[in-house]
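> For reference, the structure I am asking about is given below.
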């Protein structure tokens, strides 16, 4: 299984991803699944500039989720999947990807979101989506950095 982690992180690639997660999981490919980022050449270029050296970066919209999940799940290159929203993570789990774990690492506050865990916030719809995934057998947990203890989402 080459998909090592599926992570919700609305900042996508940043210091924790580069310095901690990519090294800890021996990541050789980062796949960002986000419709807006996939359409934005400027943000795509920023993501390329900040991604770890010697790591392949793939950015697609959700329309490619099924085919890319099957391809990357069967490949031998350790892959970290980054998404911004629980609904996109659920889409990935609906592809029958073998990894049945979701790391909730970063969801910033906004007018619709309330505190969920430490600095992680979620709207009612996002909470329901996380709960639905948990009830379907996905291990949903909070862990900002690899050296922190995992805290399970209780729903």
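> Considering only region 117-128, state which residues are touching a helix residue (DSSP H, G or I) at 6+ places or on another chain (Cβ under 9 Å), under 18 Å from residue 151 (Cβ atoms) and either at pLDDT below 95 or in a helix (DSSP H, G or I) (or both).
Within region 117-128, 126, 127 meet the criteria.
> What are the residues in region 16-45 that are modelled with pLDDT under 95 and in contact with a helix residue (DSSP H, G or I) (Cβ under 9 Å, 6 or more places away or on another chain), if any?
17, 18, listed by residue number.
> Would it be correct to say that residue 57 is more than 21 Å from residue 38 (Cα to Cα), modelled with pLDDT of 95 or more, in contact with a helix residue (DSSP H, G or I) (Cβ under 9 Å, 6 or more places away or on another chain) and not in a loop (DSSP other than H, G, I, E, B)?
The answer is no for residue 57.
The rows are residues; the columns are (1) under 12 Å from the mean Cα position of the chain (by Cα); (2) surrounded by 15 or more Cβ atoms within 10 Å (Cβ to Cβ).
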{"site": "5", "(1), (2)": "yes, yes"}
{"site": "12", "(1), (2)": "yes, yes"}
{"site": "27", "(1), (2)": "no, yes"}
{"site": "56", "(1), (2)": "no, no"}
{"site": "60", "(1), (2)": "no, yes"}
{"site": "73", "(1), (2)": "no, yes"}
{"site": "85", "(1), (2)": "yes, yes"}
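> For region 23-54, enumerate the residues that are in contact with a strand residue (DSSP E or B) (Cβ under 9 Å, 6 or more places away or on another chain), free of Cβ contacts under 8 Å to residues at least 40 places away in the same chain and not in a helix (DSSP H, G or I).
51, 52
> Would you confirm, using the coordinates I've provided, whether residue 99 is surrounded by 13 or more Cβ atoms within 10 Å (Cβ to Cβ) and part of a strand (DSSP E or B)?
Numbers: surrounded by 13 or more Cβ atoms within 10 Å (Cβ to Cβ): yes; part of a strand (DSSP E or B): no.
Here the answer is no, as residue 99 does not meet what is asked.
The values are calculated or read from the model by the stated rules, or taken from the named source; none is laboratory data. Remember, predicted model here, so these are calculated numbers, not experimental data. Quick reminder, even Gly has a Cβ in these numbers, built from the backbone with ideal geometry, and neighbours come from all protein chains shown.
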